[in-house]
1. Take LEU16 and decide whether it is touching a strand residue (DSSP E or B) at 6+ places or on another chain (Cβ under 7 Å) and modelled with pLDDT under 90.
2. List every residue pair whose Cβ atoms sit under 6 Å apart, with the two residues 6 or more apart in sequence or on different chains, where the first one lies in the range 61-87 and is more than 11 Å from VAL48 (Cβ to Cβ) and the second, anywhere, is β-branched (Val, Ile, Thr) and modelled with pLDDT of 90 or more.
3. Return yes or no: is GLU56 modelled with pLDDT of 85 or more and within 13 Å of the chain's Cα centre (by Cα)?
4. Of the residues PRO2, PRO10, only one is surrounded by 13 or more Cβ atoms within 10 Å (Cβ to Cβ) and either within 14 Å of the chain's Cα centre (by Cα) or at pLDDT below 90 (or both); which?
5. Could you list, in sequence order, the residues of the range 100-131 that are surrounded by 14 or more Cβ atoms within 10 Å (Cβ to Cβ) and either more than 26 Å from LYS65 (Cα to Cα) or at pLDDT 80 or above (or both)?
6. Output the residues belonging to the range 82-94 that are out of contact with any helix residue (DSSP H, G or I) (no Cβ under 8 Å at 6 or more places or on another chain) and within 30 Å of LYS123 (Cα to Cα).
7. Of everything in the range 44-68, what is aliphatic (A, V, I, L, M), within 13 Å of TYR95 (Cα to Cα) and in a helix (DSSP H, G or I)? Give them in sequence order.
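The values are calculated or read from the model by the stated rules, or taken from the named source; none is laboratory data. Computed from a predicted structure; not experimentally measured. Counting neighbours? That spans all protein chains shown, and the Cβs are built from the backbone with ideal geometry, glycine included.
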Amino acid sequence: MPLNFLRAAPQPRARLRWRHISLMLLAEQSGAIVGGALAFRISDAVQVDVIALEPEARRLGIGRKLMGAIESEAIRLGAQSIYLGGASAENRGFYWRLGFAARGSLMHKGLPMASRFMAERRKRAMAAGRDGAA
């Protein structure tokens, strides 16, 4: 069965020193939504707030694809890391296999910069007090 991702356009969440951006992804299979994820860009990191799948959609690689899409978007936005809090013992193994490290229930993963160009662009934007996302 083909799997489609429906991506909501990143939306400003708040206007502070940095612009906070939300990202919502939905996984669709055969016309039905089988999962989704919600993440927020906060400063130089992306926080994964929730990732959920229908029970019949688990262990099919959909969660991995959702996290991969969040990671790609985080890199595109120039984030330096992804983190999530409250990871249960039940789902920690999933995040460890994706390269996350844990400290208590907080899990995090460092991200490579998209390019030197993006790193310089982000540095200039941060110095100017802006977000840096195009």
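1. no
2. Close Cβ pairs (under 6 Å, with a partner that is β-branched (Val, Ile, Thr) and modelled with pLDDT of 90 or more) amount to ALA79/VAL46.
3. no
4. PRO10
5. Within the range 100-131, PHE100, MET107, HIS108, LYS109, LEU111, ARG121, ARG122, ALA125, MET126, ASP131 meet the criteria.
6. TYR83, GLY85
7. Correct list: LEU66, MET67.
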